[in-house]
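The values are calculated or read from the model by the stated rules, or taken from the named source; none is laboratory data. For clarity, every value in this text was computed on a predicted model and none was experimentally measured. Here the Cβ positions follow ideal geometry from the backbone for every residue, glycine too, while neighbour counts run over all protein chains shown.
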Amino acid sequence: MHWAGPLFTQSGFIDGWFDPDRGEEGEGAPPGDALEGLILPPFRNCHTHLGDTLARDGAPDASLAELVGPDGFKHRWLEEADIAASIAAGLCEAAASGTALLLDFREGGEAGLAQLAQGAANAGWGVEEGAPQVVPFGRAAGGRPLPGRHVGLPGLTDMPVGAGHRMALEARAAEGLVALHFSEGERESVERMLELEPDLLVHLCHATEEDLRSIADAGIGVVICPRSNARFGLRPPLEELLALGVDVGLGTDNGMLCTLDMLAELRFCRETFPNVAPGTLLRIACGGLDETLKKAVKCDRSSPLPAGRILVSQHGPDPLEAVFDPQAKVLEMRSGCE
């Protein structure tokens, strides 16, 4: 059965249809029976920590450092938790909100990547053709080499001297991506950050205007996590990043801090950034970090970009407003790779 309704394209919504079996779409009436709703590209969640998803109910009301710092609640919880089960729970949440690609920061070295693979298997991700993609950004543990190709570094102040440089060099040697938490809870040195030559940064809540210009000039992609940041009274500089032409993605951050529901993240963005056009927010959610990921794919440095469509319930005549309606939910998803 086809899907029919407002179809989101590069130029906005048109009246159209999508064939979930063939992956074909068109303008106008569908060539057969159809389910009705909003037809959108699948979402990209560009920054997650899936391992602590099941810690959500027990996470205390505490500071950023007390929750996710090197000796914080998160790391104590991970020592005793079934991390694969926690990852599976996060992936199921992501799938329910129409997410086809996740960039997941994985602590724990080789064991962390193994837990991600087991969690994905538990959740049924990666079993069938067209399953959503999870790109792991690993981290070396115990002085061992970087596991995998991509590295997801903590903040500059959370790493031993030289550790970031070593892992970044290992990632580039493997033609991987270098990602880094930057200026989240406090401002960090943009000069030290640029020495690592990262492909993408996360947060930037305390970055100055001069820092942002340096990041834009270096062509570095940025992921913002508004709901997670708001828990600590922080706000990422989305308006400034867009004005500078930075390649921006949207993420949900730690699973213990908020759900992996990208529709909920979009609704929060609408309230937090009222001066950013709703269509721009939707494009970031569906096509975030596009230039960064295309560059990576060209160099064979990352998983393929997601393709396919999701069908979202429509409540109200204006399709763009309907995306942000609290009643909106994902009805079906068909994902694949370009």
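Each row is one residue, and each column tells you yes or no for (1) farther than 20 Å from Ile215 by Cβ; (2) touching a Cys at 6+ places or on another chain (Cβ under 9 Å).
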site	(1), (2)
Arg235	no, yes
Gly245	no, no
Gly249	no, yes
Gly255	yes, no
Phe273	no, no
Val276	no, yes
Leu282	yes, no
- Message: For a quick check of your reading of the model, give me the residue pairs whose first member lies in region 28-43 and is without any contact (Cβ under 8 Å) to a residue 40 or more places away in the chain, whose second is assigned to a strand (DSSP E or B) and surrounded by fewer than 16 Cβ atoms within 10 Å (Cβ to Cβ), with beta-carbon atoms closer than 7 Å and at least 6 apart or on different chains.
- Response: Gly28/Asp15
- Residue among Trp3, Trp17 that is farther than 25 Å from Ala179 by Cα, crowded, with 24+ Cβ neighbours inside 10 Å and in contact (Cβ under 8 Å) with a residue 12 or more places away in the chain: Trp3
- Task: Please specify each residue of region 147-173 satisfying the condition of being surrounded by 15 or more Cβ atoms within 10 Å (Cβ to Cβ) and part of a loop (DSSP other than H, G, I, E, B).
- Result: Pro147, Gly148, Arg149, His150, Pro154, Gly155, Met159
- Can you tell which of Thr157, Thr99 is of a type in the set (Ser, Thr, Tyr) and at pLDDT below 90? Thr157
- Task: Answer with yes or no whether Ala179 is within 27 Å of Ala94 (Cβ to Cβ), in contact with a Phe, Trp or Tyr (Cβ under 7 Å, 6 or more places away or on another chain) and either of a type in the set (Phe, Trp, Tyr) or modelled with pLDDT under 95 (or both).
- Result: no
- Listed by first then second residue, the pairs whose first member lies in region 183-202 and is in contact (Cβ under 8 Å) with a residue 24 or more places away in the chain and surrounded by 24 or more Cβ atoms within 10 Å (Cβ to Cβ), whose partner is assigned to a helix (DSSP H, G or I) and among the β-branched types (Val, Ile, Thr), with beta carbons under 8 Å and at least 6 positions apart or on separate chains, are Asp199/Thr292; Leu200/Thr292
- Read through the list (1) within 12 Å of Arg44 (Cβ to Cβ); (2) at pLDDT 95 or above; (3) in contact with a Pro (Cβ under 6 Å, 6 or more places away or on another chain), then give the number of the only condition that Ile224 fails. (1)
- In region 273-291, the residues that are touching a residue at least 12 places away in the same chain (Cβ under 8 Å) and in a loop (DSSP other than H, G, I, E, B): Phe273, Asn275, Val276, Gly288, Leu289
- Among strands (runs of 3 or more DSSP E) entirely inside region 20-125, those with 1 or more residues being crowded, with 22+ Cβ neighbours inside 10 Å are 38-40, 43-49, 99-105
